[in-house]
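S.K.: Dropping a structure here in structure tokens format, bear with me for questions.
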Amino acid sequence: MNCLGFDTSNYTTSAALFDGKDGVNCSQLLEVRPGRLGLRQSDAVFDHVRQLPELFARLMEETARPEIAAIGVSDRPRAVEGSYMPCFLAGVSTASVLASALGVPLHRFSHQQGHIAASLWASGRMDLLDQPHLAWHLSGGTTELLLVEPAGRSVQATCIGGTSDLAAGQLIDRTGQLLELPFPAGRALDALSRDARRSDCFRVRVRERHFSLSGVENQIHQYFERTRDPAETAAFALRSIVGAVLAATEQARAAWPGLPVVFAGGVSANSLLREAAGADAVFCPPRYSTDNAMGPAVLAWRQEQ
């Protein structure tokens, strides 16, 4: 049985197909002009509408146009009241039209639920979809530590920690802008940081799994003004973020002992975080850490079981 998935996040258009074991995901970043830190929602919606037909055609070519049993789509950032972003309307519209034309069920999920499902599938830990676990959603818009529990054939995620202001991905992109790196800056900042030789960082205060990153931004600017060293500044920024994330993780492990810890979202592709988190942390391949449609496809497949 094959299920389609669609996700139109703030910066990535994606369509995926999942057959219960294997999957194919086609994604394309939205274009952001050099020096800019993002897109207006109206521009994101326009670009998604423009890119979706081409991406869907590519997906069908790569998968030999299989019979579709159901469709999953991300329709909001998080599965909480008031969570909404216009960019998801592009994916919902396309998925709704296809479901009606094909006469198949349409299943709606949050972008966050999709990230969790995609990470668990790609890491070979689909079993955790049926077990309580801890998960980080680390991205440009969200830095949340979650208690994830089964909810029927989907998952329910309750925020138990994270940042109170800037998301980790926001801070990474702002650091990238400071260092004149392309947007989104995660991959370039990661690569640049590998040339650093110092171990400097700013120790973020973490209380009951919550922390603030706004002060770290000031520290990064001051550090760069002092050193004028892009590689050391990149490493300083990433170590400061990783330190806060891992401190909150340890506090969560003390409160919920024995639960596995899963890392999802684009920031979880960072190599420094992966090295520091420990062998027992669950990471998926970087291509499925970033925004993708595999999560909605996987969850749609589970709904049909």
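S.K.: Anything in segment 136-189 that is of a type in the set (Ser, Thr, Tyr) and open to solvent by 40 Å² or more (accessible area, probe 1.4 Å)? List them, or say none.
M.R.: Listed by number, the residues that qualify are THR158, SER164.
S.K.: Count, please, the residues in segment 95-135 that happen to be surrounded by 23 or more Cβ atoms within 10 Å (Cβ to Cβ), of a type outside the set (A, V, I, L, M, F, W, C) and out of contact with any Asp or Glu (no Cβ under 9 Å at 6 or more places or on another chain).
M.R.: The number of residues fulfilling the criteria is 2.
S.K.: Right, another one. Which of the residues spanning segment 127-169 are over 17 Å from PRO296 (Cβ atoms), of a type in the set (Ser, Thr, Tyr) and in a strand (DSSP E or B)?
M.R.: THR143, THR158, THR163
S.K.: Return the only residue of GLY124, GLY169, GLY91, GLY162 being touching a Lys or Arg at 6+ places or on another chain (Cβ under 8 Å), at pLDDT 95 or above and small (Gly, Ala, Ser).
M.R.: That would be GLY162, the only listed residue that is touching a Lys or Arg at 6+ places or on another chain (Cβ under 8 Å), at pLDDT 95 or above and small (Gly, Ala, Ser).
S.K.: Can you find a residue that is over 30 Å from GLU31 (Cβ atoms), aromatic (Phe, Trp, Tyr) and touching a strand residue (DSSP E or B) at 6+ places or on another chain (Cβ under 7 Å) anywhere in segment 253-269?
M.R.: Checked segment 253-269: at least one residue is over 30 Å from GLU31 (Cβ atoms), aromatic (Phe, Trp, Tyr) and touching a strand residue (DSSP E or B) at 6+ places or on another chain (Cβ under 7 Å).
S.K.: Still on this model: Give just the number: which of (1) farther than 30 Å from TRP121 by Cβ; (2) touching a Phe, Trp or Tyr at 6+ places or on another chain (Cβ under 6 Å) does LEU145 not satisfy?
M.R.: (1)
S.K.: In segment 196-305, which helices (runs of 4 or more DSSP H) lie fully inside it and hold 2 or more residues that are open to solvent by less than 10 Å² (accessible area, probe 1.4 Å)?
M.R.: Output list reads 214-227, 230-255, 294-303.
S.K.: Taking segment 276-305 on its own, how many of its residues are among the β-branched types (Val, Ile, Thr) and either in contact with a His (Cβ under 7 Å, 6 or more places away or on another chain) or within 18 Å of GLY169 (Cα to Cα) (or both)?
M.R.: 1
S.K.: Can you name the residue in segment 127-152 that is small (Gly, Ala, Ser) and within 19 Å of the chain's Cα centre (by Cα) and, of all such residues, is farthest from GLY169 (Cα to Cα)?
M.R.: Checking each candidate, the answer is ALA135.
S.K.: On to the next question. Can you tell me which residue within segment 41-87, out of those that are out of contact with any helix residue (DSSP H, G or I) (no Cβ under 7 Å at 6 or more places or on another chain) and closer than 22 Å to LEU138 by Cα, is surrounded by the most Cβ atoms within 10 Å (Cβ to Cβ)?
M.R.: Among those residues, the one meeting the criterion is ALA44.
S.K.: With respect to ALA69, determine if the residue is out of contact with any Gly (no Cβ under 9 Å at 6 or more places or on another chain), closer than 27 Å to LEU146 by Cβ and among the small types (Gly, Ala, Ser).
M.R.: So ALA69 does not fit the description; no.
The values are calculated or read from the model by the stated rules, or taken from the named source; none is laboratory data. Every value quoted in this text rests on a predicted model; they were computed, and no experiment measured them. Positions of Cβ are generated from backbone atoms using ideal geometry, with glycine treated the same way; all protein chains shown enter the neighbour counts. Quick note on the areas: whole protein, heavy atoms, side chains included, nothing else; ligands and nucleic acids left out. Shrake-Rupley method; radii C 1.70, N 1.55, O 1.52, S 1.80 Å.
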